[in-house]
Every structure is written in structure tokens, then in C-alpha cells.
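Undergrad: Can you read through this structure? Questions will come right after.
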Amino acid sequence: MGMAKKKANGPYNIELFAGSPDDANAKVFFEGAMSVLKPKIDDGTLKVVTGQATFEQAVTQGWKAENAQNRMDTLLQSYKSAELDGVLSPNDTLARAIITSVKAAGKPIPVVTGQDAEIASVKLVADGVQQSTIFKDTRKMAEQAARAAQALSLIHI
């Protein structure tokens, strides 16, 4: 856990971002992340300072960076004396917008996740600014999807 490197003991103050509500994958990603985070929220290890812990509260309409940055600007107003330790971001574009907001507020950069291995975020990961990103090789994913479909007898290859 990257937050433990920055701060040895919790509780850790976090905020949650989700993708666009009109994208079915956004809710699947958020629910998958929450299946890991919710037990830690429930036991007090993680604290969502603003209380915005549902998909509906965390959405970023249109996956737009400006929407994520504006929301982060607003969320940071709840952090008068508290320090933000981590932010769940569903992709790299939103992660960079979140980081931009935190920098503009003059706050320490929290642990920020991402996904899609966008070049700008790969550089931020290498520089230690963004915690992580995920590279998904669509060629391998397509091959595995075809095999799964074939195994389910949905198509014949």
C-alpha cells in the first residue's frame, strides 16, 4: 500500500472517483475497487473525509478531466486541517486532473491511482508523483475474450 510508505499508521484519509455514469464499465470498476476498500473503510483503516463513498457521489460525467478537477477542488475544501492520503482514480486522465487540483491548492500530493498507462501518467509514475497505472494489452484481452466465448460455445473460431 503506497499510503503506508508516506504515513506509517492510519487511519488514512481518502477520496473516491468513478468514471462516467453512462459507461457500464465505470460502475463495474468502482464496485470492484470498493470490494477491497469497503472493509477497510468499515474497520476505520480508511476514512472518506467527505463521506462521498457511493458510485453516484463519485462519478465523473463524461470521463472529463475538468469535471474531476472541479470535484477535487470542491472536495479539498473539506480538508481544512486534515491531510489527504490517497485518491482512487479509475483512469490516468482523471488521476492527472486530481493531481493538478491538489498541486493548485498547495497541498501535498496524495497517493493517486490510475489506469490505461497513458504516456503522461507513466512519466508521473516514474517520477513518483502518481502511485500507479495499469497497462491492459488489448491484443491479449481480445484473444482471451475470443477463447472464453469459444469455450462458452457462443462463437466458433
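The values are calculated or read from the model by the stated rules, or taken from the named source; none is laboratory data. Just so it is clear, the model here is predicted, and its values are computed rather than measured. A quick note on method: Cβ atoms are made from the backbone with ideal geometry, for glycine too, and the neighbour counts reach across all protein chains shown.
Undergrad: Only residues that are in a loop (DSSP other than H, G, I, E, B), touching a helix residue (DSSP H, G or I) at 6+ places or on another chain (Cβ under 8 Å) and either farther than 20 Å from K6 by Cβ or in contact (Cβ under 8 Å) with a residue 40 or more places away in the chain (or both): list them for region 62-109, please.
TA: L84, D85, S89, P90, N91
Undergrad: If G86 satisfies every condition in (1) in contact with a Gly (Cβ under 9 Å, 6 or more places away or on another chain); (2) closer than 21 Å to K136 by Cβ but one, which is the exception?
TA: The one condition G86 does not meet is (2).
Undergrad: If P39 passes every condition in (1) of a type outside the set (A, V, I, L, M); (2) modelled with pLDDT under 95; (3) assigned to a helix (DSSP H, G or I) but one, which one does it miss?
TA: (2)
Undergrad: Considering only region 45-61, state which residues are of a type in the set (V, I, T) and assigned to a loop (DSSP other than H, G, I, E, B).
TA: T45, V49, T50, T54, V59, T60
Undergrad: Identify all residues within region 71-89 that are crowded, with 22+ Cβ neighbours inside 10 Å and among the charged types (D, E, K, R); write none if there are none.
TA: Those that are crowded, with 22+ Cβ neighbours inside 10 Å and among the charged types (D, E, K, R): R71, D85.
Undergrad: Does A68 count as under 22 Å from I109 (Cα atoms), of a type in the set (G, A, S), modelled with pLDDT of 95 or more and out of contact with any strand residue (DSSP E or B) (no Cβ under 9 Å at 6 or more places or on another chain)?
TA: Against the criterion (under 22 Å from I109 (Cα atoms), of a type in the set (G, A, S), modelled with pLDDT of 95 or more and out of contact with any strand residue (DSSP E or B) (no Cβ under 9 Å at 6 or more places or on another chain)), A68 qualifies.
Undergrad: Restricting attention to region 27-40, does a residue exist that is touching a Pro at 6+ places or on another chain (Cβ under 7 Å) and of a type in the set (K, R)?
TA: no
For (1) over 12 Å from the mean Cα position of the chain (by Cα); (2) surrounded by fewer than 21 Cβ atoms within 10 Å (Cβ to Cβ); (3) farther than 22 Å from G128 by Cα; (4) polar (S, T, N, Q), each residue gets a yes or a no:
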{"residue": "D42", "(1), (2), (3), (4)": "yes, yes, yes, no"}
{"residue": "G51", "(1), (2), (3), (4)": "yes, yes, yes, no"}
{"residue": "Q69", "(1), (2), (3), (4)": "yes, yes, no, yes"}
{"residue": "N91", "(1), (2), (3), (4)": "no, no, no, yes"}
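Undergrad: Is it true that M3 is at pLDDT 95 or above, surrounded by 16 or more Cβ atoms within 10 Å (Cβ to Cβ) and either outside any loop (DSSP other than H, G, I, E, B) or of a type in the set (F, W, Y) (or both)?
TA: no
Undergrad: Quick one: count up the residues across region 33-53 that are in contact with a Phe, Trp or Tyr (Cβ under 9 Å, 6 or more places away or on another chain) and farther than 16 Å from T74 by Cβ.
TA: 5
Undergrad: Pull up region 6-36, narrow it to residues that are farther than 23 Å from L94 by Cα and in contact with a Lys or Arg (Cβ under 9 Å, 6 or more places away or on another chain), then point me to the one that is modelled with the highest pLDDT.
TA: P11
Undergrad: Taking region 135-155 only, how many residues are in a loop (DSSP other than H, G, I, E, B) and at pLDDT 70 or above?
TA: The number of residues fulfilling the criteria is 2.
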